[in-house]
Every structure is written in structure tokens, then in C-alpha cells.
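Asks: Below are the C-alpha cells for one structure; questions will follow.
What follows is calculated from the coordinates using simple rules that are stated; it is not laboratory data. Everything numeric in this text was worked out from a predicted model, so none of it was measured. For neighbour counting, all protein chains shown are included, and Cβ atoms are generated from backbone atoms with ideal geometry for every residue, glycine included.
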Amino acid sequence: MTIGKEHFYNIQRDYDQKQFQVNYERSKRVAEVYAKVPALKDIKDTIASLQISKAKNILTNNAFELENINNKIIALIHKRDQLLSGSGYSLNYLEPWYQCNDCNDTGYTEEHEMCHCFKQAVIDILYSLL
């Protein structure tokens, strides 16, 4: 027995909703943390700026400056982690919290294969059709 297009699209819609919810919840956590610890936003912005500099230096093959930038990024990440934990937050508090870490709630793995959670959703529909 197979599922029809409608059921398949419903599963896909559920995954889209999961991703929307994960991003919404993450944005709320980020806003909360940045309001409580504004230095964390500054660190994020500085890391982003350094990443741009890093990309430019990769193009010019400037190994010395790349090492310097990498060291600055590592120091900022360490400072970010200290500020987070010192403020009572877990180190993954600003990250998305997926229901399935194998596919990040997309239904498909990095190898573009159907994830076990998607397969389970299909099985659940098949059972409901019996």
C-alpha cells in the first residue's frame, strides 16, 4: 500500500510547520538573551564581520591574516560561551532545537535520503488508512 500525493503533501506541510515553529522559538530565545546580555549581540555581529574578512583573506590567500582572524573568532566564541553560561543559559540556548536532529526537521538527511522520522510519518498514515 502506498500513500497518495495529498498525504505526502500533508507530511511535507507538517515539516514546514515544524521548521517555522523551531525558528520562531529560537528567535524568541535570541531576543530574550540579547535583552538580558546585550554584549552577546555585539559578539555575534563581530564574529559575522570577521567571517566576511576571513572569506576575503581566503580569496587573497593571506595565511597570516587568516590565522589571526581564526584566533579572534575562537576567542569571541569562548567569551560568548562564558557570558551565556554565566547568565544561566545552556551553551545551545541560541541554537535551533529540532525534534529530529538527524534531519533538522526537514524529513531528509544530508545525503538527501528520507529520514527515519519521515518514514515513521508515512507508516503512521498507512496505519490510519487501514
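Asks: Between LYS36 and PHE8, what FRET efficiency comes out of the Förster formula 1/(1 + (r/R0)^6) with R0 = 41 Å and r the beta carbon distance, rounded to 0.05?
Replies: Details: r = 43 Å, r/R0 = 1.04.
So the FRET efficiency works out to roughly 0.45.
Asks: Restricting to Cα pairs below 8 Å that are 6+ residues apart, what does the relative contact order work out to for the chain? Please round to a whole percent. Show your work: numbers first, answer last.
Replies: Details: 75 pairs, mean separation 46.6, N = 130.
Dividing the mean separation by the residue count of the chain yields 36 percent.
Asks: Still on this model: Restricting things to alpha carbons, find the Rg to Rh ratio for the chain using the Kirkwood radius for Rh.
Replies: We get a ratio of 1.15 for the chain.
Asks: To the nearest 10 degrees, how steep is helix 116-129 against the longest Cα principal axis of the chain, on a 0 to 90 scale?
Replies: 20
Asks: Starting from the Cα of LYS28, step 7 Å along the direction of its Cβ; do the same at ALA48; then give the gap between the two resulting points in nm.
Replies: According to this spin-label approximation, the distance is 2.3 nm.
Asks: Cα-based Rg of the range 78-130 per 2.2 N^0.38 Å, rounded to two decimals? Please list the in-between numbers first.
Replies: Numbers: Rg = 17.3 Å, N = 53, 2.2 N^0.38 = 9.9 Å.
Normalised Cα radius of gyration, the range 78-130: 1.74.
Asks: Let me ask another. In terms of Cα to Cα distance under 24 Å, which lysines are near enough to LYS44, apart from those fewer than 8 places away along the same chain?
Replies: LYS28, LYS36, LYS54, LYS56, LYS72, LYS79
Asks: Of GLN17, ILE77, MET114, which is farthest towards the positive pole of the chain's charge dipole, taken about the Cα centre with +1 and -1 on the beta-carbons of Lys, Arg and Asp, Glu respectively?
Replies: Result: ILE77, furthest along the dipole toward the positive end.
Asks: When Rg is the radius of gyration of the Cα atoms in the range 38-86 and Rh is its Kirkwood radius, what does Rg/Rh come to? Mind showing how you got there, number by number?
Replies: Details: Rg = 11.9 Å, Rh = 11.2 Å.
Using only Cα positions, Rg/Rh for the range 38-86 is 1.06.
Asks: Ranked from highest to lowest mean number of other Cβ atoms within 10 Å per residue, what is the order of the peptides 12-23, 86-97?
Replies: Packing order, densest peptide first, comes out as 12-23, 86-97.
Asks: Shifting gears a bit: Would you mind ranking PHE8, PHE64, PHE118 by Cβ crowding within 10 Å, fewest neighbours first?
Replies: Values: PHE8 15, PHE64 8, PHE118 23.
In increasing order of surrounding Cβ atoms, one gets PHE64, PHE8, PHE118.
Asks: Rounded to the nearest 500 deg cm²/dmol, what is the calculated helix-only ellipticity per residue at 222 nm for the chain, with -39500 (n - 2.57) per DSSP H run of length n ≥ 4?
Replies: -25000 deg cm²/dmol
Asks: What FRET efficiency would be calculated for the residue pair LYS56, VAL122, taking the C-beta separation as r and a Förster radius of 41 Å, to the nearest 0.05?
Replies: It comes out at approximately 0.35.
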